[in-house]
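Reviewing the structure listed below.
Rule-based calculations on the coordinates, nothing more; no lab input. Remember, it's a predicted structure, so these values are computed and weren't measured experimentally. Cβ coordinates were reconstructed from backbone atoms using ideal geometry, including for glycine residues, and neighbour counts include every protein chain displayed.
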Amino acid sequence: ALKLNKLAALYFKMERYEEGEKVCLEAQRIQKKVLGVDHDHYVHGLTILAAAYQGQERYEEAIRLFLKAKILYKKILGVNNDRYAGTLFNLANTYFEVGRYEEALLLQLESLKITKRKLGVQHKTYAECWNALGQTYLSLNNIPKARECLREGLKVASGLDISLLITEQWKDSLATANYFSVNHIEQVLSNLNYLYLLLKIQEDTNRETKELILSNLAHNLFEKIRKLQTNSDSKLRILGRSEVWTSRGLHLLNKGGLVADAFVLAEAQKSVLLLEATKSEKAYQLGVLPDSLMFKEKALFKERDRFQAGIIKNSRIVAQDSLRALLNIVHQNIHSFVSKLEQEYPNYAQLKYQNDNVTLTEIQALLEPKTALLEYVITDSTLYLFYMDKYKYKMLHQPIKRADLKLKIKELHNALSDYELLMNHKDKSYEAYTRPAHWFYKKLIAPIMIDASDIEHLIIVPDGELAYLPFETFLVKPANQVQANYKDLDYLVKQYKVSYNYSATLWKESKQHEKPINNGQMLAMAGNYDLHLDSLKRHFRLSNYYRNRDGLKPLKAAQREVRVLSKEFQGYFGFDEGASERIFKKKAGDYAVIHLAMHGCLDNKHPILSSLIFTEDGDSLENSLLQAYEISNLKLNADLVVLSACETGFGAFERGNGIASLARSFMYAGASSMVVTLWAVNDYVTAEIMRELYSNLSNGMTKSEALQQAKLNFMQTATGIGQHPAFWSPFVLIGNDEPIQILRKSHTGFWGMVLAGGLALVLGGFLFWKRKR
């Protein structure tokens, strides 16, 4: 029953409430039968379930259980007990949620006294009690009492004898305080939130200045907590919680015209974990850490990723518990190891953890003429737009609710990716695409591009689900709704080269990064899904392996795609068993360009299990599914990775770290740039776009121009429904835009021959939409 309660608590933490409730009720049934209701284990189970009801806003049920637990704890343990005090505190919080402030206040005062006696005045729970009292007095409009309680809470949490006089010096004192634990920092953050609300109530001529000080301090403290974490999930949760302060800060900075400061704040919340990985690699390259320790650190993080993936893959509770125990040990080892590195190699720690988010002026210095960087930030009620080119910058805001924007994004993404609608309801499909496509141009591009007529290249740093959209499809002018004509629509791609990045800071890092050392050749592989294992080898594959592979259609055009490349460029070109996961892992680190023409499998629920599906070769160590967490642990030196597969740029959005896609995993592995897809693509169209892309690259074009011209050429040569952006627009470039050189085979005239024969193959009938990769 104790294990069931632990499992229930885990389910509740994961917000899997229905499963957690079933497990918790079963644990209670067992404990009631074996131990009786007058046992603290049984009562503890009541409080777990009550807290879960509270989290689901099932307040009356939570109150009923907390009251029952209060009575039983008083009977079993007496009133002078921290568990009894904790139950009073939680019951008070639930009363507060339903507006029963007077009842909450009485319970909080009693809980405060017991907590002081049992846990002492330095305990984080004592600070939590003071903060909760301050919040309740605030709701009762007793401002003097609220201030008194919040000050006491701040003193306990920070260990400082500090006032509530909000100044820069006050902020610096709290930012640099020697906190007893992370929990104490958490209580300071709660306190800051109540102080922010207090400022809203009080008349203060310097209110906005003080609000900005609170916002800056909150971000400093969140960053302090994040740097103490070794678990990436914990870091992401912290980034998600800091979002409310980002919204407040951007509102204040925008209102005050402080564009440069607003941009730094926006950048601090983008692709944070990917930036940390980039800085770690930079520290390695500068040689401030011995090789042996570098390999040990990487091995620890690789082991962590393996256990995390194992927990997700394994459905048996006993196996999951065993893996969690091992994962906890690894987390402890990582924490000890990182602490040792920071003490013994301070230069490494400084390089890895220094706060070096890029400034507007740094971006401007690196931007080429006729290039602009557009960055977006989505908050609950506002969309912020940043523009910068070589000579100027600006910031705008659009009053758009996040929920409404997400619906618009979904509307356009569906219109672009729904082949069934396109083929069977052509008129409806045309309107479904053209109306939102022009709406996005009017909201996201037109306002910020005023007085930017000389710009030719846009670097887009999206936020949230905006990363699901190819901006190239936005329509500069409204479409003629009388007659559908995709060819003549005024797409953004006709005016600009477009590339994307996860953050401006990462763009700067990539721009200044030394060119990776590689062999200048191409590694290209085409998956073959007609090859199957014999019955003996199939026995050793896990069941989820077949769920991923069964039903995969052959990709004939992918085979031709790679054969075309093999005739033009030097390198390794893998077909059949030569396109296996084992061979890829062995060779990938040496090549300048990696091109993978194969099926992709997206796992939105568990992004680290998304995979590329290689040819099955029966290897005993590799299962032909290269999963995202494995990709992240590779060491690549590629100038360009092209993932010619389904939805390789699509994935779940993680607040503070961007879209959890296969593309991002390759960036973790060290790829300088990526060409990926945002939805399921037709393999014949892919072959045509890829052929044109490489032809353009081999002629010295930048990557964004090469992809732009490939799309424009496809538009010009396609006929009928093939001109729809569903076919040419899913391919997007992420990362470094510089031209690349790929060693070619010594013959001429090849591309002309391919150009002459390729188009008929690609544009044959309705194979456009039926053959998807």
Listed with the fewest Cβ neighbours within 10 Å leading, Lys224, Lys171 appear as Lys224, Lys171
Expressed as a whole-number percentage, the relative contact order of segment 374-504 with C-alpha contacts under 8 angstrom and at least six residues apart is 26
The rounded separation in angstrom of the Cα centers of segment 145-169 and segment 114-143 is 12
Dividing the mean separation of Cα pairs under 8 Å (6+ apart) by the residue count of segment 419-480 yields a relative contact order in percent of 53
Row for segment 695-734, column shape: gyration tensor on C-alpha, a ≥ b ≥ c, rounded if a/c < 1.5 i.e. under 1.5, prolate if a/b over b/c, else oblate; value oblate
In the chain the DSSP beta bridges are antiparallel at a rate, in percent to nearest 5, of 55
By the Cα gyration tensor axes a ≥ b ≥ c (a/c under 1.5 gives rounded; else a/b larger than b/c gives prolate, otherwise oblate), the shape of the chain is prolate
With a ≥ b ≥ c from the Cα gyration tensor eigenvalues, square-rooted, and the rule rounded for a/c under 1.5, otherwise prolate when a/b > b/c and oblate otherwise, segment 148-253 is oblate
Counting only DSSP beta bridges with both partners in segment 374-504, the antiparallel fraction in percent, to the nearest 5, comes to 65
If each K or R counts +1 and each D or E counts -1, the residues other than Ala127 whose Cβ falls under 13 Å of its Cβ total +1
For Lys426, counting only lysines whose alpha-carbon sits under 20 Å away and dropping same-chain residues fewer than eight positions off, the answer is Lys410, Lys487, Lys770, Lys772
Env charge @ Ser163, Cβ radius under 11 Å, K,R +1 / D,E -1, value +2
At R0 = 45 Å the Cβ-Cβ FRET efficiency linking Leu140 and Thr361, nearest 0.05, sits at 0.40
Total charge of the residues flanking Ser429 in space, meaning their Cβ is under 11 Å from its Cβ, with Lys and Arg +1 and Asp and Glu -1, is -2
For the chain the mean separation of alpha carbon contacts under 8 Å (6+ apart) over residue count, i.e. relative contact order in percent, is 8
